[in-house]
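Enquirer: The structure that follows is given in the form of structure tokens.
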Amino acid sequence: RLNFAEHLLRRRDDGTAIVAWNEHGAQQRLSFADLAAQVAATAAALQAAGVGVGDRVVGYLPNLPQAVVAMLATASLGATWSSCSPDFGTKGVLDRFGQIAPTVLIAADGYWYAGKQIDCLDRLREIVSSLPSLAAVWVVPYVSAAPALSSVPGAVAFTDVLAQYASHHEPTFVRLPFDHPLYIMY
């Protein structure tokens, strides 16, 4: 029995775990300690949303540190992670996520492509409305510091979720058989 996330999070020091750059050159760094703390907070929030072994958590995210955090938090609980790039249209996302009845959706408010800001909130509203299994929707403020989430049913800023569960510093790990599903990849 093992837990994938437990092995990836065995370091808890100030060494650099993730370095992320975007099109504008903005950089974000997470230490191993910061990564573990964010995973712990996210896992606690996922548990509070009802996520457990065998449930599905999905991401509609670009390559962001929050995607790694969400995947590791999902794996730490024994749930299964799946994701789609935010450049997928609504139909493509629903074709995938509609098959697996996710409990939580973590999405970006938008992304950057070729110097243009692409807003995802309209698509996200339609996606959320079409996934009745969702217990929570968390939005990563990526292109806007304060995205207008009122148009997306039940959406909460991911930064608020992390702040609410910030007292959780140590992730818990559910150890599962080696063949327990980790990802659903399309």
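Enquirer: Checking the conditions here, which among Val69, Val53, Val39 is in contact with a Leu (Cβ under 8 Å, 6 or more places away or on another chain) and over 15 Å from Tyr165 (Cβ atoms)? I'd like the intermediate steps shown before the answer.
Expert: Working: Val69 fails: over 15 Å from Tyr165 (Cβ atoms); Val39 fails: over 15 Å from Tyr165 (Cβ atoms).
Exactly one residue qualifies, and that residue is Val53.
Enquirer: Can you give me the number of residues within the range 38-54 that are assigned to a helix (DSSP H, G or I) and either closer than 18 Å to Val140 by Cβ or of a type in the set (A, V, I, L, M, F, W, C) (or both)?
Expert: First, pick out the residues of the range 38-54 that are assigned to a helix (DSSP H, G or I): 38-48.
After this cut, where a residue has to be either closer than 18 Å to Val140 by Cβ or of a type in the set (A, V, I, L, M, F, W, C) (or both) as well, the list is 38-46, 48.
Summing the residues that are assigned to a helix (DSSP H, G or I) and either closer than 18 Å to Val140 by Cβ or of a type in the set (A, V, I, L, M, F, W, C) (or both) in the range 38-54 gives 10.
Enquirer: Consider the range 59-108. How many of its residues are over 12 Å from the mean Cα position of the chain (by Cα) and of a type in the set (Phe, Trp, Tyr)?
Expert: Number of matching residues: 2.
Enquirer: May I pose another question? Answer yes if at least one residue in the range 177-184 is of a type outside the set (Phe, Trp, Tyr), surrounded by fewer than 23 Cβ atoms within 10 Å (Cβ to Cβ) and under 28 Å from Trp21 (Cα atoms), and no otherwise. Steps first, answer last, please.
Expert: To start, the set of residues in the range 177-184 that are of a type outside the set (Phe, Trp, Tyr) comprises 177, 179-182, 184.
Imposing the further condition that a residue be surrounded by fewer than 23 Cβ atoms within 10 Å (Cβ to Cβ) reduces the set to 177, 179-182, 184.
Narrowing the set further to residues that are under 28 Å from Trp21 (Cα atoms) leaves 182, 184.
Yes, there is a match, as at least one residue in the range 177-184 is of a type outside the set (Phe, Trp, Tyr), surrounded by fewer than 23 Cβ atoms within 10 Å (Cβ to Cβ) and under 28 Å from Trp21 (Cα atoms).
Enquirer: Moving to a separate point now. Can you go through Arg11, Arg29 and tell me which one is outside any helix (DSSP H, G or I), in contact with a helix residue (DSSP H, G or I) (Cβ under 7 Å, 6 or more places away or on another chain) and surrounded by fewer than 20 Cβ atoms within 10 Å (Cβ to Cβ)? Full working, then the answer.
Expert: On the way: Arg29 fails: in contact with a helix residue (DSSP H, G or I) (Cβ under 7 Å, 6 or more places away or on another chain).
Sole residue among the options that is outside any helix (DSSP H, G or I), in contact with a helix residue (DSSP H, G or I) (Cβ under 7 Å, 6 or more places away or on another chain) and surrounded by fewer than 20 Cβ atoms within 10 Å (Cβ to Cβ): Arg11.
Enquirer: Residue pairs, Cβ under 6 Å, 6 or more apart or interchain, first in the range 113-136 and without any contact (Cβ under 8 Å) to a residue 24 or more places away in the chain, second aliphatic (A, V, I, L, M) and assigned to a helix (DSSP H, G or I). List them.
Expert: Short answer, once both residue conditions are applied: none.
Enquirer: Within the range 52-71, can one find any residue that is among the hydrophobic types (A, V, I, L, M, F, W, C), more than 25 Å from Arg175 (Cβ to Cβ) and in contact (Cβ under 8 Å) with a residue 12 or more places away in the chain? Show your work before the answer.
Expert: Going residue by residue through the range 52-71, those that are among the hydrophobic types (A, V, I, L, M, F, W, C) are 53, 57-58, 61, 64, 67-71.
If we keep only those that are more than 25 Å from Arg175 (Cβ to Cβ) too, we end up with 61, 64.
Pick out the ones that are also in contact (Cβ under 8 Å) with a residue 12 or more places away in the chain and you get 61, 64.
Yes, there is a match, as at least one residue in the range 52-71 is among the hydrophobic types (A, V, I, L, M, F, W, C), more than 25 Å from Arg175 (Cβ to Cβ) and in contact (Cβ under 8 Å) with a residue 12 or more places away in the chain.
Enquirer: Can you report the number of residues in the range 76-96 which are touching a residue at least 60 places away in the same chain (Cβ under 8 Å) and open to solvent by less than 10 Å² (accessible area, probe 1.4 Å)? Write out each step before concluding.
Expert: Narrowing the range 76-96 to residues touching a residue at least 60 places away in the same chain (Cβ under 8 Å): 76-78, 80-82, 84, 96.
With open to solvent by less than 10 Å² (accessible area, probe 1.4 Å) added as a condition, the list becomes 76-78, 80, 82, 84.
Result for the range 76-96: 6.
Enquirer: Please state which one of Leu131, Leu124 is over 28 Å from Glu23 (Cβ atoms) and either open to solvent by less than 20 Å² (accessible area, probe 1.4 Å) or in contact with an Asp or Glu (Cβ under 6 Å, 6 or more places away or on another chain) (or both).
Expert: Details: Leu124 fails: over 28 Å from Glu23 (Cβ atoms).
Of Leu131, Leu124, the one residue that is over 28 Å from Glu23 (Cβ atoms) and either open to solvent by less than 20 Å² (accessible area, probe 1.4 Å) or in contact with an Asp or Glu (Cβ under 6 Å, 6 or more places away or on another chain) (or both) is Leu131.
The values are calculated or read from the model by the stated rules, or taken from the named source; none is laboratory data. Fair warning: this is a prediction, and the values are worked out from it, not measured in the lab. Note that we place each Cβ from the backbone using ideal geometry, even for glycine, and neighbour counts take in every protein chain shown. Surface areas here come from the heavy atoms of the whole protein model, side chains and all, with no ligands, DNA or RNA. Shrake-Rupley method; radii C 1.70, N 1.55, O 1.52, S 1.80 Å.
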